[in-house]
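Report on the following structure.
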Amino acid sequence: MEATTRNPSWLRTNGWLLLLLALLILFPFIVGALTDSSPYGVPRGDRMIMRGESVRWQSVLIEVYILAILAMSYNLLFGFTGVISFGHALFFGTSSYLFGLALEFTDLDTGLAIVLGALAGILVCGLLGLLIGLVTLRLKGVYFAIFTLAVAEMFYIFFGRWQLTRAEDGFAISELPTWLDPTQSRLNYYYIALALVVLTFLFIRRLVKSPTGAVFQAIRENEDRAQSLGYNTLNYKLFSIVIAAMLAGVAGLLQVMLNKKVGPELVSVGYTVDPLLMTIIGGVGTLGGPIVGAAGLHLLDIFFRDRELVLGAVTIDIANIWALLLGVIFILVVIVFPYGVIGTWKRWQARALRRQ
Amino acid sequence: MSRTNRSSLIAILVIIGGLVAVAFVNSSSLGNFGITLLSGLFQGMLLFLVASGLSIIFGLMDVLNFAQGAYFMVGAYVAYDAQHAGGLIDLTQAIPDPNLRFPIAVLIAMIVGALLGIILERGLLRPLYARPIYQLVLTFGVALVMAEIIKFLWTTTPYSWTEVFGVRDSFFELFGQRFSTYRLFVVGMGIALIVLIALLLRRSRIGIIIRAGVEDREMVQALGINVQTVFTLVFTLGCAIAALGGAVAAPFLGASTTLGDIFLLQAIAVVVLGGMGSYEGTAIGSIMVGLAVAVAQDAAIGTSFSALPSITPMLLLVLVLLLRPSGLFGNAR
Amino acid sequence: MSDQILEVRDIHTFIGQFHILEGVSVGVPAGNITVLLGRNGAGKTTTLRSIMGLTPPARGQILFDGKNIAGKHPHAIAQMGIGFVPEHRAIFRELTVHENLQIAERKHGDLARKSEFIFDLFPDLQRLIDLPGGNLSGGQQQMLAIARALVPDNHLLLIDEPSEGLAPVIIEQLMAAIKRLAETCSVLLVEQNFRVASRLAQQYVIIEEGHSPASGEMGSLIHDSDLIQRYLGVA
């Protein structure tokens, strides 16, 4: 708010973003050149085998992109509108299940199934959001949060026991067209995921800076006041939850195609907690916060997951204590960075500006 | 219970009556009906032990303590460890009689719970009272850390209770059916605790302060009462009671790392459907959810609805919230 | 100046990012009733809450009995002998009348010692003693809120808008009671109703947009229609 409203040239505000985007576009090739591996994978017969550093790192970043979309959608609801949901995994998982069902349990032709499955997944998420919102948004904060938790938990238990979708085991997606299949053309998939992150970011930025976004933030600050200014806050909150639900659905679709597997873990509390923590750690109600949080936490996870820490004669296997470290990180961030990484940085920036 | 709406009392009677009726119709004999009832009350009491702390802490301090389930789990592990040979605390030499060792083990579990409660409240939550959402994240982080420390100390393999002792393994017979004395004992203890806490809240000065604080924290301070001290006391007691719950549950459920999450989720359901911050609501909600789960377990036997018992608490919560947006006893605030 | 029980010196209070009090000074002479006058939103309630420590001032001093209490915890300030009767009659609705009084005890036996005085002042409360506060009428709740502040030995009472929303008959009763209790301790009152204020208070302080531009003897204010017109908007 403080720095950007002084309206410098377009390039100055967006220059860093463009540079970052260019880096991310070139990323598979840069890693390929550095590690002497092909960004396309290794050919074997008429298929490509996804082997090599570049391909491996592509999948790491794809995971970051998926989490970033999920966290951005969470932030729209929580950070910008002030509605806390504990059931975001519901949307993430529902769209993945619908997509998987369309592909594996209908007789539709693959291409049609993908289109219909994706559309149905996103639309049903929006519908679910609308439905939950309609019955519960008149509940006060915590009640709404717990209601969403309860609904998500019911879906989780249900999917975990549903015999048709092989209960706890879940089911695999067997067929995706070659151009889309991350196990055959990872690079294509990388760009699809990147494009979706960029689109989501631009969409949310546009939305937040629009008059509608201003009302969202007014609701976050003080719903009663927004209402007394004549806004139908319920409608705005409904709109926010529907958009957030659909974006979470998009993230779910990406996740299913990446792992080619559908299972109840996609509806588990983990996929609610991840975006919540990523948002808070990155910076609640900031545009870049969720992305920073998603990238930071996921990359830390990757780095530490298989490492061993050697302190003199003691070897600590970090994989075993990673969850412990994660918990400690949460606690530290909440206490040390009270406004998240981006939020705290912005405050420093604003303070430096005021000094000048 | 002065301001309780007649409608919510009717709703409670209808739901509990309905559950008992379903249990009765479903069971083939009076004995089976008794088993369902006892098992429902048993689960309800365990839930109450987690939920009561959750509810009072939320009402007074506006903190939804996500670590409450972890305290339950700690209680189970500590009691298990103290009762059995080997482990961190070995009391088998000092107190050879298992019947005597058990109450000591439960007491140790409560003390550990209370100490961990003080650490969390004083050390971590206190700086954050102005920022409730961050407290939520913090308690969540603490729950995670506690679960990991448990895994570190006791590994991830679940323990099942092996020590044989009097109360746990005795039965009594009624209507030609064998009932576990231990379950009856836990139910009795739970009811005693419900009454005891109610008396504490109604009759003692600290109870009056707690009830006043749930309504208006600021005014209590302006009367010259140090609310921080009350916070610490309530938080510590809440954690100790959750640990007590884990400890008395351990002889039946053993100790495992999933215990915390299961009970936390159900306890949250109880607290919300009872009305956040309402003690009566939590007590009645616990019994209701416990009975409902037991009835669902009965109903699910031999059918394909194996998910029914686990879904039941959430289902009940959603139903109650749809009918009464702030829970059975909650005031809209 | 030594006969002032409370002296607020140039306090600045922020609520969130809003600068609500931008230098308010108030003196309360011992044994008197002093009233804060001013329009809605001028900062009268915030002044009382700042004295109580509920919205602590960022700058300035608050001297009570000569000791600076700015920055102390509300409970510590209350324990020094300041009673607070907030606006909207913030009694505990779920507690009975007796419990509402009991919770205000600072030493065991406070209530027993004071009950005769309190029930003499507000005879209604004795009849209602076992009812929940929420069941009382507006006037009865206000009486309870004042009675609650009388349980411990307070030297100063801060009373915020006691007449708000009450019927004239009730206001008369309350005024008589406040006059009587002022014989035992000093009072700092916020009162929108100028007629009530002028009959109760000996001193006034005007609060306007976070400042305190005027103060003095109530007797002289009544004849100063210019000042009244300018700050209070009543003729």
Given Cβ charges of +1 for Lys and Arg and -1 for Asp and Glu, the option among C:Gly138, C:Leu101, C:Ser225 whose Cα lies farthest towards the positive end of the dipole of chain C is C:Leu101
The residues B:Thr257, B:Thr157, sorted from fewest to most surrounding Cβ atoms within 10 Å, come out as B:Thr157, B:Thr257
Suppose R0 equals 60 Å. What FRET efficiency, 1/(1 + (r/R0)^6) with r the Cβ-Cβ distance, do B:Ile16 and A:Arg47 give to the nearest 0.05?
0.45
Which aspartates and glutamates does C:Lys44 reach when only Cα atoms under 20 Å apart count, and residues fewer than 8 places away in its own chain are ignored?
B:Glu218, C:Glu7, C:Asp10, C:Glu22, C:Glu87, C:Asp160, C:Glu161, C:Glu164, C:Glu191, C:Glu208, C:Glu209, C:Glu217
P(r) of the range C:124-187 in 5 Å steps, Cα pairs, percent per bin?
3, 16, 29, 25, 19, 8, 0
Antiparallel bridges, percent of DSSP beta bridges restricted to the protein assembly as shown (to nearest 5):
70
Rounded to whole Å, give me the distance from the Cα center of the range B:204-272 to that of the range C:44-77.
32
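Mind checking the dipole of the range B:6-323: about its Cα centre, +1 per Lys or Arg Cβ, -1 per Asp or Glu Cβ, Debye to the nearest 20?
Rounded to the nearest 20 debye, it is 500 debye.
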Förster-model FRET efficiency, 25 Å R0, C:Asp120 and C:Lys67, C-beta, rounded to 0.05
0.15
Net +/- balance of residues flanking C:Ala30 in space, Cβ distance below 10 Å, scoring K and R +1, D and E -1
-2
Take the alpha carbon atoms of the range A:22-63, find their center, do the same for the range A:208-276, and report the distance between the two centers in whole angstrom.
33
Just the ratio, please: alpha-carbon radius of gyration of the range A:314-356 over 2.2 N^0.38 Å, N its number of residues.
1.74
Under a crude label model (7 Å from the Cα following the beta-carbon direction), how far is B:Glu163 from A:Phe303 in nanometres?
4.5
Relative exposure of C:Ser50, C:Ser186, judged by other C-beta atoms within 10 Å (fewest first)
C:Ser186, C:Ser50
Which log10 I(q)/I(0) values does the range C:156-218 give at q = 0.22, 0.23, 0.27 Å⁻¹ under the Debye formula, counting every alpha carbon as one identical point scatterer?
-0.98, -1.05, -1.33
Of the DSSP H helices in chain B, the ones reaching 20 Å or more along their long axis in Cα terms and averaging at least 0.0 in Kyte-Doolittle hydropathy are B:6-26, B:30-61, B:68-83, B:98-118, B:132-154, B:181-203, B:227-253, B:259-274, B:279-300, B:308-323
State the Cα centre-to-centre distance between the range A:140-200 and the range A:75-102 in whole Å.
10
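Pairs A:Lys209/A:Lys237; C:Lys72/C:Lys107; C:Lys67/C:Lys179: which exceed 23 Å Cα-Cα?
Pairs exceeding 23 Å: C:Lys67/C:Lys179.
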Counting only helical runs of four or more DSSP H residues, what would the 222 nm mean residue ellipticity of the protein assembly as shown come to if each run contributes -39,500 (n - 2.57) and the total is spread over all its residues?
-20500 deg cm²/dmol
Label-to-label distance, nm, for residues given as B:Ile149 and B:Arg205 (7 Å Cα→Cβ offset)
3.4
Percent of beta bridges antiparallel (DSSP, chain C, rounded to nearest 5)
55
About the Cα centre, charge dipole magnitude for the range C:4-232 (Lys/Arg +1, Asp/Glu -1 at Cβ), debye
280
Classified through the alpha carbon gyration tensor (a ≥ b ≥ c as square roots of its eigenvalues; rounded if a/c is under 1.5, else prolate when a/b is larger than b/c, else oblate), chain B comes out oblate
Can you compute the modelled spin-label distance between A:Arg166 and B:Arg126, with each label point 7 Å from Cα toward Cβ, in nm?
5.4
What is the list of residues in the range C:37-73 whose amide nitrogen lies under 13 Å from a point 7 angstrom out from the Cα of C:His12, following Cα to Cβ?
C:57-61
Just to be sure I understand the rule: take each whole DSSP H helix in chain A, project its Cα atoms onto its long axis, keep it if the span is 27 Å or more and its mean Kyte-Doolittle hydropathy is at least 1.6. Which ones pass?
A:10-35, A:110-136
Max mean-square fluctuation residue, GNM over chain A, Cα-Cα springs under 10 Å, options A:Gly213, A:Gly270, A:Gly87:
A:Gly270
Step by step: find N for the protein assembly as shown, compute 2.2 N^0.38 Å, then divide the Cα radius of gyration by it. What's the final number?
1.07
Ranked from fewest to most other Cβ atoms within 10 Å of their own Cβ, A:Trp162, A:Trp348 fall in the order A:Trp348, A:Trp162
Alpha-carbon radius of gyration plus Dmax, which is the widest Cα pair, for the range A:12-171 in Å
20.2, 60
Taking the dipole about the Cα centre of the protein assembly as shown, with the C-beta of Lys and Arg at +1 and of Asp and Glu at -1, give me whichever of B:Tyr71, A:Asn232, C:Leu157 is farthest to the positive side.
A:Asn232
So if R0 is 45 Å, what FRET efficiency would A:Phe105 and A:Ile25 give, r being the distance between their Cβ atoms, rounded to the nearest 0.05?
0.75
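Bear in mind that the values in this text are calculations on the coordinates, not laboratory data. This structure is a prediction, so every number in the text was calculated from the model and none was measured. Don't worry about glycine lacking a Cβ; one is built from the backbone with ideal geometry, like all the others, and counts go over all protein chains shown.
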